[in-house]
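**Student:** Pasting a structure here, questions to come.
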Amino acid sequence: MIRERTYSNIEKKVLEHPSTRLRLRAACNEQKKEHLDTKDIDTEKEQGALLFSKILGEPFKEKAYGNMWKGHSYPQNRTLSGFTNSAKQWLNCSNYTNPIMRHLFCIDAACFGDISKTKEDKNKRKDKLNKAFEAINTVWEILTCQNHTTSNSPFDYFNQVADSELTKATNNLHTNINSVSLPNELHELYKINDPSSIFRFLSAYADTCGIEDSGQLDLWSMDMASLSILSHAVSRINSTKNTTSPLGNLGYDHRVYLMIFFAPDEVIYKSKLYQHSLQDEKYKTTFLAYTAFRNSYRSQLKKIGITQKDLDSLLKEDEDNDYPANIGLR
């Protein structure tokens with residue numbers, strides 16, 4: 001008789017929300033802000049002893065905090081009751097209002113259902129994918145919708161930039177972006193009835209107009225990283241080994257951005273683009289732009305304690321794990 005496997009509380013959470021361990025790390029780092037000076041916080045270290053030397057009383061157990069940090073167990077309510085609201089918000093898996101939380105939501109959407117077989121599970125996954133695409137489309141309406149007006153919505157572009165982990169919106173940004181005149185061919189890339197077209201639009205926008213404001217760079221990089229894994233998920237859901245990608249050229253583009261944001265450094269430096277950049281100024285410019293995107297994305301995640309190793313454990317591409325060698329050379 002084969003005994004059915006039993007799952008721990010953390011395993012159950014991870015099966016439903018693959019980003020759970022990343023969220024726990026973010027919650028722990030957010031909690032540090034309540035008790036430690038900013039200069040003393042190291043987001044890549046647990047710092048349990050230092051933290052509990054500063055805490056008055058015992059709002060939660062040090063062991064429970066350590067298990068949260070390591071991702072060994074999901075905290076019980078009595079532990080979470082000692083955390084700040086800003087720390088607990090990272091554990092709200094349905095919140096995708098700010099760029100990093102939206103990215104974690106996209107990770108869940110892209111990974112969710114890999115071990116699920118039922119039609120209900122597959123529908124849940126598609127619903128998450130649709131919500132994520134729609135949210136990113138709403139954020140960037142300031143560029144895609146010519147009659148866009150600002151609002152108090154959390155998805156409004158200016159609220160998103162102001163919510164950047166690294167920078168705040170500059171006083172001139174409202175004027176600068178509203179005065180941007182986009183080429184017609186760029187507008188033609190965006191299809192209002194095709195939410196996935198925002199991926200190609202934002203890619204072309206960066207190539208055509210450039211991104212100089214650091215707040216916009218943070219937002220663009222985080223959303224493009226999200227779109228690359230969403231597009232990869234859509235490609236794998238809709239395609240088979242006997243068919244081409246239903247995303248057309250986007251099937252290539254999303255793999256390029258998967259490489260930019262997620263590939264190990266050694267893969268980047270073995271790419272043909274990097275080799276060409278050593279001798280050709282045009283390719284050097286492209287390589288430096290990709291490096292800026294990559295650095296922006298990783299710097300934001302580092303603020304909440306997420307590392308390359310953490311991403312590697314989540315975003316494995318199974319049998320389809322090769323990156324395009326001719327990145328940036330089309």
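**Student:** For the stretch 22-81, how many residues meet the condition of being within 26 Å of the chain's Cα centre (by Cα), farther than 20 Å from I107 by Cα, of a type in the set (A, V, I, L, M, F, W, C) and in a helix (DSSP H, G or I)?
**Tutor:** 1
For (1) part of a helix (DSSP H, G or I); (2) farther than 22 Å from H17 by Cα; (3) over 22 Å from the mean Cα position of the chain (by Cα); (4) modelled with pLDDT of 70 or more, each residue gets a yes or a no:
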site	(1), (2), (3), (4)
T244	no, yes, yes, no
L258	yes, no, no, yes
K284	yes, yes, yes, yes
R298	yes, no, no, yes
L301	yes, no, no, yes
K309	yes, no, no, yes
D312	yes, no, no, yes
P324	no, yes, no, no
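**Student:** Hey, W69 hits all of (1) out of contact with any Gly (no Cβ under 9 Å at 6 or more places or on another chain); (2) under 27 Å from K45 (Cβ atoms); (3) among the hydrophobic types (A, V, I, L, M, F, W, C) but one; which does it fall short on?
**Tutor:** (1)
**Student:** Is at least one residue of the stretch 135-150 modelled with pLDDT under 70 and either among the basic types (K, R) or closer than 12 Å to P99 by Cα (or both)?
**Tutor:** no
**Student:** Report whether or not L217 is crowded, with 18+ Cβ neighbours inside 10 Å, over 13 Å from the mean Cα position of the chain (by Cα), assigned to a helix (DSSP H, G or I) and at pLDDT 85 or above.
**Tutor:** Spelling it out, L217 is indeed crowded, with 18+ Cβ neighbours inside 10 Å, over 13 Å from the mean Cα position of the chain (by Cα), assigned to a helix (DSSP H, G or I) and at pLDDT 85 or above.
**Student:** Is there a residue being modelled with pLDDT of 70 or more and either part of a helix (DSSP H, G or I) or in the same structural domain as I136 (by TED's automatic domain parsing) (or both) anywhere in the stretch 172-180?
**Tutor:** The answer is no; no qualifying residue exists.
Per-residue answers, yes or no, for (1) outside the structural domain of Q300 (by TED's automatic domain parsing); (2) out of contact with any Ser or Thr (no Cβ under 9 Å at 6 or more places or on another chain); (3) in contact (Cβ under 8 Å) with a residue 60 or more places away in the chain:
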site	(1), (2), (3)
P18	yes, yes, yes
Q31	yes, no, no
K70	yes, yes, no
P75	yes, yes, no
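**Student:** Please state which one of Q76, Q47 is surrounded by 14 or more Cβ atoms within 10 Å (Cβ to Cβ) and farther than 22 Å from A132 by Cα.
**Tutor:** Criteria check complete, one pass: Q47.
**Student:** Looking only at the stretch 82-94, which residues are closer than 30 Å to L129 by Cβ, small (G, A, S) and in a loop (DSSP other than H, G, I, E, B)?
**Tutor:** S94
**Student:** The conditions are (1) of a type in the set (A, V, I, L, M); (2) over 26 Å from K128 (Cα atoms); (3) surrounded by 12 or more Cβ atoms within 10 Å (Cβ to Cβ), and I100 fails exactly one of them. Which is it?
**Tutor:** Checking I100 against (1) of a type in the set (A, V, I, L, M); (2) over 26 Å from K128 (Cα atoms); (3) surrounded by 12 or more Cβ atoms within 10 Å (Cβ to Cβ), the one that fails is (2).
**Student:** With respect to N130, determine if the residue is assigned by TED's automatic domain parsing to the domain that holds S296, in a helix (DSSP H, G or I), polar (S, T, N, Q) and in contact (Cβ under 8 Å) with a residue 12 or more places away in the chain. Lay out the reasoning, then the answer.
**Tutor:** Values: assigned by TED's automatic domain parsing to the domain that holds S296: yes; in a helix (DSSP H, G or I): yes; polar (S, T, N, Q): yes; in contact (Cβ under 8 Å) with a residue 12 or more places away in the chain: yes.
Yes; evaluated as a whole, the condition is true for this residue.
**Student:** Which members of the stretch 204-238 meet the condition of being closer than 13 Å to I100 by Cα and among the acidic types (D, E)? Outline the logic, then answer.
**Tutor:** Applying the first criterion (closer than 13 Å to I100 by Cα) to the stretch 204-238 yields 218-227.
Of everything in the stretch 204-238, those that are closer than 13 Å to I100 by Cα and among the acidic types (D, E) turn out to be D218, D223.
**Student:** Do we have any residue at all in the stretch 151-169 that's at pLDDT 70 or above, more than 17 Å from P99 (Cα to Cα) and out of contact with any Asp or Glu (no Cβ under 6 Å at 6 or more places or on another chain)? Outline the logic, then answer.
**Tutor:** As a first pass, look at the stretch 151-169 and keep what is at pLDDT 70 or above: 151-161.
Retained after the next criterion (residues that are more than 17 Å from P99 (Cα to Cα)): 151.
Cutting the leftovers down to out of contact with any Asp or Glu (no Cβ under 6 Å at 6 or more places or on another chain) gives us 151.
For the stretch 151-169, residues at pLDDT 70 or above, more than 17 Å from P99 (Cα to Cα) and out of contact with any Asp or Glu (no Cβ under 6 Å at 6 or more places or on another chain): present.
**Student:** Here is a follow-up. Taking the stated definitions as given, is Y96 free of Cβ contacts under 8 Å to residues at least 60 places away in the same chain and closer than 16 Å to I10 by Cβ?
**Tutor:** Against the criterion (free of Cβ contacts under 8 Å to residues at least 60 places away in the same chain and closer than 16 Å to I10 by Cβ), Y96 does not qualify.
The values are calculated or read from the model by the stated rules, or taken from the named source; none is laboratory data. From a predicted model like this one, the values you see are computed outputs, not experimental measurements. Ideal geometry is used to build each Cβ from the backbone, glycine not excepted, and the neighbour counts take in all protein chains shown.
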